[in-house]
Amino acid sequence: GINAEYGSGINAEYGGEVIRVGDSDHFHVDCFKCGKCLEPLAAAGFFARGSSYYCSRDYHELFGTKCIVCSSFIEGEGFTVQGRSYHTSCFKCSQCEGNFSSGSRVLFDDGKPICETCRNNSLAAAARSTTCKGCNTEITGRSVVAMESDWHVECFACYYCKVPLSGEYMVKDGHPYCESDYLNLFGQKCKICDQFIVGRVLQAGGDYRIMLR
């Protein structure tokens, strides 16, 4: 805002109580009003824009700049970087909220400031991250490696009954099955004992299969 000085009868032309703004502008106290809302400015802080004067609220609404972090108008120290304006006190790392020291390197991630330490940590985490073959989301906790892929523990389940697999499993068309469902769905039975064939098989013509023990 701009400071104003009161006077009484500065000269005969004004008469009565007047207000002086700067070195040359003089107003009757009752005439010195906000250029938008017409509220008196003599007893309050005000701002100048060209030849007009405004109360603080209207000046900022008309011409002010908002801080991208706190959404309040920037009245004190502030600056603009990459098209975004900040209070000096609000310009911090968007991840750890730490202040940037003098001479420190400031990086930007999707337009947001980030310190070098957080950027390096993010890159390291991205390099370590894996995607679950079952749900196609990132694995952050315990995982299972099976069928040359990574799975969440709960996602590595029988394709048919959906029960998580913790032991042996069988594969059909790229999908894991528990042994019971695999045999019921795709298994072959021994012609002699009528049991599912799990081990070696001897095929002796046609569909005649014998389990080798």
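All of the numbers you see were taken from the coordinates with simple rules; none came from a lab. As the structure is a computational prediction, the values presented were derived from the model and not from experiment. Methodologically, a virtual Cβ is constructed for each residue, glycine included, from the backbone with ideal geometry; neighbour enumeration extends over all protein chains shown.
Give me the extension gain from S71 to N136: residue separation times 0.36 nm, minus the current Cα-Cα distance, reported in nm with one decimal.
Working: separation 65, 0.36 × 65 = 23.40 nm, distance 3.70 nm.
Working it through step by step, the gained length comes to 19.7 nm.
Could you give the length gained on full extension between D25 and K112, defined as 0.36 nm per residue of separation minus the Cα-Cα distance, in nm?
Details: separation 87, 0.36 × 87 = 31.32 nm, distance 4.40 nm.
Extending this stretch completely gives an extra 26.9 nm.
If the cut-off is 12 Å between C-alpha atoms, which aspartates and glutamates fall inside it for K172, apart from same-chain ones fewer than 8 positions away?
Filter leaves D181.
Hey, which aspartates and glutamates would be in cross-link range of K33, C-alpha to C-alpha under 19 Å, not counting anything within fewer than 8 residues on its own chain?
E5, E17, D23, D25, D58, E61
Out of residues 5 or more away from T65 or on other chains, whose amide H comes under 5 Å of its own, with H placed 1.01 Å from N in the peptide plane?
When sequence neighbours closer than 5 places are left aside, the close amide H contacts are I74.
From the backbone phi of the stretch 183-188, what are the Karplus-calculated ³J(HN,Hα) couplings (6.51 cos²θ - 1.76 cosθ + 1.60, θ = phi - 60°) in whole Hz, Gly and Pro given as x?
5, 5, 8, 10, x, 10
DSSP loop GluC sites (Glu not before Pro) in the stretch 64-153 with at most 12 other Cβ atoms within 10 Å of their Cβ, which ones?
Working: sites: E75, E77, E97, E116, E138, E148; in loops: E75, E77, E97, E148.
Sites meeting the loop and neighbour criteria: E77, E97, E148.
Check the straight Cα-Cα distances from K66 and name the lysines below 23 Å, setting aside those fewer than 8 residues away within the same chain.
K36, K92, K112
Calculate the spin-label point distance for R119 paired with S149, positioning each point 7 Å from the Cα along the beta-carbon direction, and give it in nanometres.
3.5
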